[in-house]
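Only one structure is covered here, and it is reproduced in the block below.
The values are calculated or read from the model by the stated rules, or taken from the named source; none is laboratory data. Note that the structure is predicted; figures quoted are calculated from it, not measured. All Cβ positions, even for glycine, are placed from backbone atoms using ideal geometry, and neighbour counts span all protein chains on display. Ligands, DNA and RNA are excluded from the accessible area calculation, which covers all protein heavy atoms including side chains. Shrake-Rupley method; radii C 1.70, N 1.55, O 1.52, S 1.80 Å.
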Amino acid sequence: MVRAEPGVAARGRAGEAPGRRPFRVVRIAAAVFAVALAAYVADVLAHPLPDMLSWFDLRVYNHSGEIARHSPARLYTWQLQPGIKFTYTPFAAVIFAVSSVLPWAVLTWLMTVANLAAVLATVWLTLRELGWRGQRLAAGLLGIGAVALWTEPVQRALHLGQVEPLLMVLIVWDVCQDDRRWWKGAGVGIAAGIKLVPLIFIPYLVLSGKLRQAAVVSAAFLASAGVGFAFLPRTSDNYWLTGYFLRPRNVGKVGSLLNQSLLAMLTRVDGTVRAANPTWLALAAVIVVLGVIAAALLYRSGRPVAGWVTCALTGLLASPISWDHHWIWIVPVIVVLVDAAVRSPTVGRRRVFLALAAAVAAVYGGWPYWRGPLAATPHGLVGFFIGARGVHQGLYLHAIQEVSVNLFLVAGSVMFAFALAAAARAWRELRAAGRGDAAVT
């Protein structure tokens, strides 16, 4: 039997804190969120719109949708500009074919609002799953939402009009559903049908003992591929049967600093993807095995949120392409750390968890450029200390420069190590509980 996540068994006590003090905290959190949102709007208005909201990736989606409707044979050969191609699944192209019917001005602002709502909904869903209710939930949503808005992955997703926030909230919504719902897993399967990385949730669910949900994920994923074959048969043949989806270079320049994956780091060190591939395959396999086992152990020890967050983190580390906006999964990471701080029984532990949450927010923060025409626009710390070498130069660096070049990956690896340590402790707890049950028997 799965024990409740710390505090989840006492959802009412954790979430319902009567009195004027919680209401005062809500007002403070609301003020902080209002300032964060106002600062973002002011930043957008203070710069040329393309500097803040280029909707570059959304433009790729929109063009690919139009091509899927009118000339599907060109879908995977068309380029918006040299090296910029459509790389998602045929099922995604079918969805974009529908959205491309909308006027561009409507689509851009609709996507921006939807992405903002998706980030906040992710915070809300995660807090609810952790047992937060009432005024505490409202305060947590507003306070953490304000911090999340000013992280680089969120800012970058808004800038590009990326689909990543929508996929994240779809997955989080799905994994937070009651296990008794027969369709639980369909959201993860649909997300995997658009981008393949969420398939990592299948082994996690199997090891967690959720075989039915793993089957639903698989069925939903296969159904999405079926939709692609039904509407775009030749295009689907090209994507699935020629191995197109297995070539990371189709997605863009693997060695770009904006790609914060293990393969990208090795490519920057070795110089080419071909040279980096053998080492990456071996290390990625180890990461996947350790990560899904750790995630399953956390779930079985009564920490389901920590489990699926660890699973998502594993996907980021093992994937050949983890663009900076893919690291938007640090939003639920911050939620988990804040929750741990709130529930800590001692002041010392509370300060440690708050410091960890602040460190994650700082490392992934949307720090601005300091000078030039882009001054005050969100930039982040990736590559910040490499000076005149340029944003795509990752070779022959030293000390803080090397860390800066791989900053999101390094920080993600540290979080992964913490997750493995928590899973090891959970495994010891489970073994001790098993011995205790045997002794009673």
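Remark: pairs (first residue in the range 317-331, aromatic (Phe, Trp, Tyr); second residue assigned to a loop (DSSP other than H, G, I, E, B) and surrounded by 24 or more Cβ atoms within 10 Å (Cβ to Cβ); Cβ separation under 7 Å; 6+ apart in sequence or on different chains) = TRP327/GLN260; TRP327/TYR364.
Tallying residues that are outside any loop (DSSP other than H, G, I, E, B), of a type in the set (S, T, N, Q) and farther than 20 Å from PHE416 by Cβ within the range 268-287 yields 1. Screening THR279 against (1) open to solvent by 20 Å² or more (accessible area, probe 1.4 Å); (2) over 29 Å from GLN401 (Cβ atoms); (3) hydroxyl-bearing (Ser, Thr, Tyr) leaves a single unmet condition, (2). It is to be established whether one or more residues within the range 199-222 are in contact with a Cys (Cβ under 9 Å, 6 or more places away or on another chain), part of a helix (DSSP H, G or I), in contact (Cβ under 8 Å) with a residue 40 or more places away in the chain and aliphatic (A, V, I, L, M). Yes, the conditions are met somewhere in the range 199-222. Among the residues of this structure, SER256 does not count as one that is surrounded by 20 or more Cβ atoms within 10 Å (Cβ to Cβ) and either in contact with a Pro (Cβ under 9 Å, 6 or more places away or on another chain) or of a type outside the set (A, V, I, L, M, F, W, C) (or both).
Residues checked against (1) under 18 Å from SER322 (Cβ atoms); (2) modelled with pLDDT of 90 or more; (3) open to solvent by 80 Å² or more (accessible area, probe 1.4 Å):
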{"site": "ALA357", "(1), (2), (3)": "no, yes, no"}
{"site": "TYR364", "(1), (2), (3)": "yes, yes, no"}
{"site": "LEU374", "(1), (2), (3)": "no, no, no"}
{"site": "LEU420", "(1), (2), (3)": "no, yes, no"}
{"site": "ARG435", "(1), (2), (3)": "no, no, yes"}
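In the range 198-222, the qualifying residues are those that are over 21 Å from the mean Cα position of the chain (by Cα) and either under 19 Å from LEU166 (Cβ atoms) or of a type in the set (Val, Ile, Thr) (or both), and the one that is surrounded by the fewest Cβ atoms within 10 Å (Cβ to Cβ) is VAL206. The set of residues from the range 255-267 being part of a loop (DSSP other than H, G, I, E, B) and among the hydroxyl-bearing types (Ser, Thr, Tyr) comprises SER256, SER261.
Against the condition in a helix (DSSP H, G or I), of a type outside the set (Lys, Arg), closer than 28 Å to GLU164 by Cβ and at pLDDT 75 or above, how does VAL338 come out, does it pass? Here the answer is yes, as VAL338 does meet what is asked.
Could you say whether any residue in the range 68-81 is open to solvent by 30 Å² or more (accessible area, probe 1.4 Å) and within 24 Å of the chain's Cα centre (by Cα)? The answer is no, given that none of the residues of the range 68-81 is open to solvent by 30 Å² or more (accessible area, probe 1.4 Å) and within 24 Å of the chain's Cα centre (by Cα).
Could you tell me which residue of the range 82-93 is modelled with the lowest pLDDT, considering only residues that are surrounded by fewer than 21 Cβ atoms within 10 Å (Cβ to Cβ) and within 27 Å of LEU199 (Cβ to Cβ)? Within the range 82-93, the match that is modelled with the lowest pLDDT is GLY83. If you go through the range 17-24 one residue at a time, do you hit one that is out of contact with any Phe, Trp or Tyr (no Cβ under 7 Å at 6 or more places or on another chain), modelled with pLDDT under 50, open to solvent by less than 70 Å² (accessible area, probe 1.4 Å) and under 11 Å from ARG136 (Cα atoms)? Taking every residue of the range 17-24 in turn, at least one turns out to be out of contact with any Phe, Trp or Tyr (no Cβ under 7 Å at 6 or more places or on another chain), modelled with pLDDT under 50, open to solvent by less than 70 Å² (accessible area, probe 1.4 Å) and under 11 Å from ARG136 (Cα atoms).
The condition (being closer than 14 Å to VAL410 by Cα and of a type in the set (D, E, K, R)) is satisfied by just one residue among ASP270, ASP324: ASP324.
Applying a threshold of 7 Å to beta carbon distances and a minimum spacing of six or more residues, or different chains, the list of pairs starting in the range 403-415 at a residue that is part of a helix (DSSP H, G or I) and ending at one that is basic (Lys, Arg) reads VAL405/ARG268. Determine, yes or no, whether ARG351 is modelled with pLDDT under 95, of a type outside the set (A, V, I, L, M, F, W, C), part of a helix (DSSP H, G or I) and surrounded by fewer than 15 Cβ atoms within 10 Å (Cβ to Cβ). Judged against the criteria, ARG351 is not a match. Of the helices (runs of 4 or more DSSP H) lying entirely inside the range 109-179, not one carries at least 2 residues that are in contact with a Cys (Cβ under 9 Å, 6 or more places away or on another chain) and closer than 20 Å to ARG59 by Cα.
Within the range 163-185, residues that are farther than 18 Å from VAL309 by Cβ and surrounded by 21 or more Cβ atoms within 10 Å (Cβ to Cβ) reach partners that are modelled with pLDDT of 95 or more and among the hydroxyl-bearing types (Ser, Thr, Tyr) with beta carbons closer than 8 Å, at six or more positions or on different chains, in the pairs VAL163/TYR61. Within the range 123-145, the set of residues being open to solvent by 10 Å² or more (accessible area, probe 1.4 Å) and aliphatic (A, V, I, L, M) comprises LEU125, LEU137, ALA138, ALA139, LEU141, LEU142, ILE144.
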